[in-house]
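What follows is a single structure, written as structure tokens, with notes after it.
The values are calculated or read from the model by the stated rules, or taken from the named source; none is laboratory data. Note that the coordinates shown come from a computational prediction; the quantities given were computed from them, not determined experimentally. Cβ atoms come from the backbone with ideal geometry, glycine included; neighbour counts cover every protein chain shown. The area values use the complete protein model at the heavy-atom level, side chains included, leaving out ligands, DNA and RNA. Shrake-Rupley method; radii C 1.70, N 1.55, O 1.52, S 1.80 Å.
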Amino acid sequence: MRGFFRALARALRLVAYLVRGLWQARRRARATMSETDRLEFVRSWLAGAAGAIGVRVTVHGLDRLEGRMSQGALWLPNHVSWLDILVIGGLMPGTVFLAKSEIASWPLIGRLASLGGTEFIERGQGSAAAAEAVAEGLAKAGKMVVFAEGTTSDGMSVRRFHARLLGPAIEAGLPVVPVALRYFDSDGRRTTGPAFIDREPVWPSLWWVLTSRQTEVVVDILPPIDPDPGEQRSELARRAHHAVSTIVARSA
């Protein structure tokens, strides 16, 4: 029963947060907004959304990017949950995602994704179309997040990274930034509760997060990898995958 009332309180808080965000997004859309302000609005909204439902975010390694924040890069996190976008998008402004086209129609989140410059692709288009979208995103924004596994997992291991998605970074001479995401329950144990695997309904994952005493996401931003001259994209994908999977394999 306690979990039910916790979920109810968080759901009401989330609805209020969504409504306020929608109102602010519409107001800002009518006003003249600088690019910097627009990107910071999206970042701060995403960061606040996680806190509204009781999710604590712990980040390690962001200082590794000091001095390179203005440099373009391809971020490569493992993909576990819908929460991944809130967590990573809330870290710094100007981070663009590659996402499936149906997200554009989601209430508010789709609007905010569009405001943030998300590159949308149709489900089933294949890796060639996805790689083209990555190239366009890097050209426009410089910093782009790609879930190179192509789908989600339960978070206890990392699926193979699709090498073609890394090709645009090599061609542009930009580093890739491996990012490891791990989820913990209120007792500090690794959990699969927030996982949202491919075409499964989102409700079990959302309910788990709403009823849990606390969900913690630990984000490890690993050292950027600069592609070696002439390096094959498959080798770069292997190096990035190894960096992420080494952290994800840890129990704590």
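Return the residue satisfying two criteria in turn: it lies in the stretch 217-238 and is among the charged types (D, E, K, R) and crowded, with 17+ Cβ neighbours inside 10 Å, and of such residues it is farthest from residue 171 (Cα to Cα). The qualifying residue farthest from residue 171 (Cα to Cα) is 220.
Among the listed residues 123, 111, which satisfies the condition of being at pLDDT below 75, under 24 Å from residue 23 (Cα atoms) and either open to solvent by 30 Å² or more (accessible area, probe 1.4 Å) or assigned to a loop (DSSP other than H, G, I, E, B) (or both)? Step through it out loud before you land on a result.
Working: 123 fails: under 24 Å from residue 23 (Cα atoms).
That would be 111, the only listed residue that is at pLDDT below 75, under 24 Å from residue 23 (Cα atoms) and either open to solvent by 30 Å² or more (accessible area, probe 1.4 Å) or assigned to a loop (DSSP other than H, G, I, E, B) (or both).
Restricted to the stretch 137-252, the set of strands (runs of 3 or more DSSP E) holding at least 3 residues that are more than 19 Å from the chain's Cα centre (by Cα) and more than 24 Å from residue 56 (Cβ to Cβ) is empty. Among the residues making up the stretch 140-159, those that are at pLDDT 90 or above and open to solvent by 30 Å² or more (accessible area, probe 1.4 Å) are 154, 156, 157, 159. Residue 8 falls short on exactly one of the conditions (1) within 25 Å of residue 184 (Cα to Cα); (2) modelled with pLDDT under 85; (3) open to solvent by 70 Å² or more (accessible area, probe 1.4 Å), and that condition is (2). So, of the residues in the stretch 51-73 that are out of contact with any helix residue (DSSP H, G or I) (no Cβ under 9 Å at 6 or more places or on another chain) and among the basic types (Lys, Arg), which turns out to be modelled with the lowest pLDDT? Within the stretch 51-73, the match that is modelled with the lowest pLDDT is 68.
If you filter the stretch 76-94 down to residues that are open to solvent by 20 Å² or more (accessible area, probe 1.4 Å) and over 9 Å from the mean Cα position of the chain (by Cα), you find that the one that is modelled with the highest pLDDT is 91.
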